[in-house]
Amino acid sequence: MKTFQVLYGLLLTAAAADGQSFHPGRCPRPSVQEDFNVTKYMGTWYEIEKLPAVFERGKCNQATYSPLADGTVKVHNAELLSNGKINSIEGVAKVRNASQPAILDVSFFKGVPDAPYWVLSTDYHSYSLVYSCSNYFGLFHVDFAWILARTRVLTEEVISELHDQLAAAGVNLSRLTVSDQTGCDVMT
């Protein structure tokens, strides 16, 4: 038991240092987009705001989704690092249950559990609100949230509406950070 407590303490300390969103208890279960159409979701989305994520270190963050022959979705995430290099990773997303197509699992590495990708809200052509949460040992959870747009800017009115949806889902809005989408010409 003592080993578990030490491990738990180290995980919390590491996460806090990296700005992750650790919380006691289990993940909330927010509502997702009804009648989600993954085909309409394909294309490039730009990150407008997010909860801190240790795996995102640059600016100009964007995700491009494209259909694969087996019915899954290719995920290509890219960002511009401070040294001017583009950092990118590719993965595969799949709908977990056909009756809830807005709940996807994303895999970037073999042997590592899939990450949840829940589309809470989207109009397909201007904005998307995405939530991800994973439970650990039934004691705490780590969550991520992204406000995405089809362009590198989004109106304050839409951002405010998406903030309201995140708050209703139990997300701590004070932890949201604005993503830097300036000087991104090299990304196109």
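Readers should treat all values here as calculations from the given coordinates under stated rules, not as data from a laboratory. In this text, all values refer to a predicted model and were calculated from it rather than measured experimentally. Every residue, glycine among them, receives a Cβ derived from its backbone with ideal geometry; neighbour counts consider all protein chains shown.
Charging the Cβ of each Asp and Glu at -1 and of each Lys and Arg at +1, and nothing else, the dipole of region 68-122 about its Cα centre rounds to 40 debye. So what's the angle, to the nearest 10 degrees on a 0 to 90 scale, between helix 2-17 and the longest Cα principal axis of the chain? Helix 2-17 and the main axis of the chain meet at about 40 degrees. Taking chymotrypsin sites (Phe, Trp or Tyr not before Pro) as exposed when their DSSP state is a loop state and no more than 10 other Cβ atoms lie within 10 Å, the longest site-free interval of the chain runs over 1-108. Relative to the Cα centre, the charge distribution of the chain, modelled as +1 at Lys and Arg Cβ and -1 at Asp and Glu Cβ, gives a dipole magnitude of about 600 debye.
Looking at the chain, which longest stretch skips every one of the trypsin sites (Lys or Arg not before Pro) that is in a DSSP loop with at most 13 other Cβ atoms within 10 Å, leaving the sites themselves out? By the stated rule (loop sites, at most 13 other Cβ atoms within 10 Å), 111-188. Each Lys or Arg adds one and each Asp or Glu subtracts one; over the other residues with Cβ under 15 Å from the Cβ of Ser126, this totals -3.
With everything on Cα atoms, drop me the angle between helix 156-168 and the longest principal axis of the chain, reported from 0 to 90° to the nearest 10. Orientation of helix 156-168: about 30 degrees from the principal axis.
Where does the charge balance sit around Asn87 when Lys and Arg score +1, Asp and Glu -1, over other residues with C-beta under 15 Å from its C-beta? Net of charged neighbours comes to -2.
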